[in-house]
Amino acid sequence: MSETTDDLKQLPLGDWHRSLGARMVPFAGYEMPVQYEGVMAEHIWTRTEAGLFDVSHMGQLQLIGESAAEALETITPGNLSALAPGKIRYTLLLAQDGGILDDLMVTNTGHHLYLVANGATKHDDIAYLQAQLPDSLTLEHLEDAALLALQGPKAAAALAQLNIQPLEAGWPVPTDLYFMEAGPFLWNDVPLGISRSGYTGEDGFEISLPAEHAAAFASALNGLEEVRPIGLGARDSLRLEAGLPLYGHDMNPDILPVEANLSFALSKARREEGNFAGAERVLVQYPDKAATRRIGLFVDGRQPVREGASVIDDSGETIGAVTSGGFSPTLQRPIAMAYVPMDMSKTGTAITVEQRGKKIACTVADMPFVPHHYHRKPKS
């Protein structure tokens with residue numbers, strides 16, 4: 001049954017979005033802004049200025065207790081026990097057979113672990129975590145917290161104008177954070193959890209704060225010359241250009257990490273230990289022994305290929321599938337992600353996609369399609 005407006009949950013900023021003329025659509029059980037002035041304009045603004053996204057539908061969780069990282073490692077392949085305070089790690093929540101249940105961002109706050117899960121899977125994630133983790137740990141769902149993302153080359157300059165201060169002595173100001181670092185801060189006595197991260201490929205920040213203060217904080221940002229609100233449409237085209245997979249489209253429980261081209265999430269220490277869920281099935285594919293792999297595609301012509309289109313061989317037999325696709329505003333051409341046989345995953349390989357009975361020529365392309373611009377810490 002399709003979702004109706006009455007079925008949908010409301011974001012803390014729902015009225016704020018409507019006041020700015022956002023077009024609202026159902027997404028992950030919420031009514032969310034898909035666009036304001038248009039996907040193309042919002043995409044380009046984020047690549048050149050600073051875009052403000054409402055991602056409050058995502059799951060914000062706290063895992064509290066002794067040895068929380070070691071416990072979480074039993075169902076993730078990341079080296080979380082080595083994560084220093086203020087550091088973030090991307091990891092995968094794995095089923096007992098190694099299939100991907102979700103992808104997570106995990107932060108060591110210095111007091112507990114803070115997890116961000118996908119909006120469409122957060123309740124299933126919570127149930128799985130509660131079933132798999134020891135009773136000595138406490139899992140809290142921060143249902144009264146909003147989550148905003150400020151993304152783009154001018155994001156740091158914009159955030160610097162709000163006079164945000166560290167909550168605890170010894171922490172840097174937000175703009176001194178590097179990519180995949182986080183800390184606790186205050187804005188007008190409002191507590192903020194700020195990470196230098198995001199899902200656009202641009203430099204930027206994600207800001208967690210009490211829902212009751214979200215409209216005031218969003219308005220303060222939106223009042224800056226560099227900042228405009230951005231909807232789901234541009235968020236999807238930005239993450240596609242950045243080569244970033246979206247759970248439920250490019251990943252699901254039937255897909256293993258190497259197949260998803262996420263081998264970097266299998267840390268060396270954890271590969272050597274081999275003591276995470278589904279490790280035997282996952283590691284037999286490492287690094288390049290999977291039968292299929294997620295790859296990027298340049299699409300010939302101007303017609304985008306969409307999720308569900310078939311990858312076919314010379315005889316017309318289906319051998320793979322497109323999982324994400326669309327038009328790249330930055331490159332001014334259609335691009336896509338697809339799963340293909342491993343022996344066809346090399347850059348430059350010719351691929352044929354069939355969509356609505358029409359055959360479309362494609363070429364395997366390196367990802368990201370558009371270079372990342374993360375604010376990384378210089379190597380010593």
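The values are calculated or read from the model by the stated rules, or taken from the named source; none is laboratory data. This structure is a prediction, so every number in the text was calculated from the model and none was measured. FYI the Cβ positions are ideal-geometry reconstructions off the backbone, even for glycines, and counts take in every protein chain you see.
Below is a table of values for the structure above.
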{"quantity": "Qualifying residue in region 65-79 (condition: touching a Lys or Arg at 6+ places or on another chain (Cβ under 9 Å), surrounded by fewer than 21 Cβ atoms within 10 Å (Cβ to Cβ) and not assigned by TED's automatic domain parsing to the domain that holds Thr200)", "calculated": "yes"}
{"quantity": "Test for Thr318: is it buried (at least 23 other Cβ atoms within 10 Å of the Cβ) and over 14 Å from Val364 (Cβ atoms)", "calculated": "no"}
{"quantity": "Residues located in region 136-176, provided they are part of a loop (DSSP other than H, G, I, E, B) and small (Gly, Ala, Ser)", "calculated": "Ser136, Gly152, Ala169, Gly170"}
{"quantity": "Count of residues meeting criterion [surrounded by fewer than 18 Cβ atoms within 10 Å (Cβ to Cβ) and assigned to a strand (DSSP E or B)] in region 298-309", "calculated": "0"}
{"quantity": "Close pairs (8 angstrom Cβ cut-off, 6 or more residues apart or separate chains): at positive phi in region 140-158, among the small types (Gly, Ala, Ser) anywhere", "calculated": "Gly152/Ala50; Gly152/Gly51; Gly152/Gly204"}
{"quantity": "Among (1) assigned to a strand (DSSP E or B); (2) under 30 Å from Arg18 (Cα atoms); (3) of a type in the set (Val, Ile, Thr), the one test that Ile295 misses", "calculated": "(2)"}
{"quantity": "Members of region 1-56 that are among the aliphatic types (A, V, I, L, M) and touching a His at 6+ places or on another chain (Cβ under 6 Å)", "calculated": "Ala28"}
{"quantity": "Candidates Gly198, Gly223 - the one that is out of contact with any Leu (no Cβ under 6 Å at 6 or more places or on another chain) and either surrounded by 24 or more Cβ atoms within 10 Å (Cβ to Cβ) or modelled with pLDDT under 95 (or both)", "calculated": "Gly198"}
{"quantity": "Residue list for region 80-110, restricted to those being out of contact with any strand residue (DSSP E or B) (no Cβ under 8 Å at 6 or more places or on another chain) and surrounded by fewer than 18 Cβ atoms within 10 Å (Cβ to Cβ)", "calculated": "Ser81, Ala82, Gln96, Asp97, Gly110"}
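Every residue, every condition in (1) within 22 Å of the chain's Cα centre (by Cα); (2) more than 30 Å from His373 (Cβ to Cβ), yes or no:
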site: Gly233; (1), (2): yes, no
site: Leu240; (1), (2): yes, no
site: Gly243; (1), (2): yes, no
site: Leu246; (1), (2): yes, no
site: Arg270; (1), (2): no, no
site: Gly274; (1), (2): no, yes
site: Asp288; (1), (2): no, no
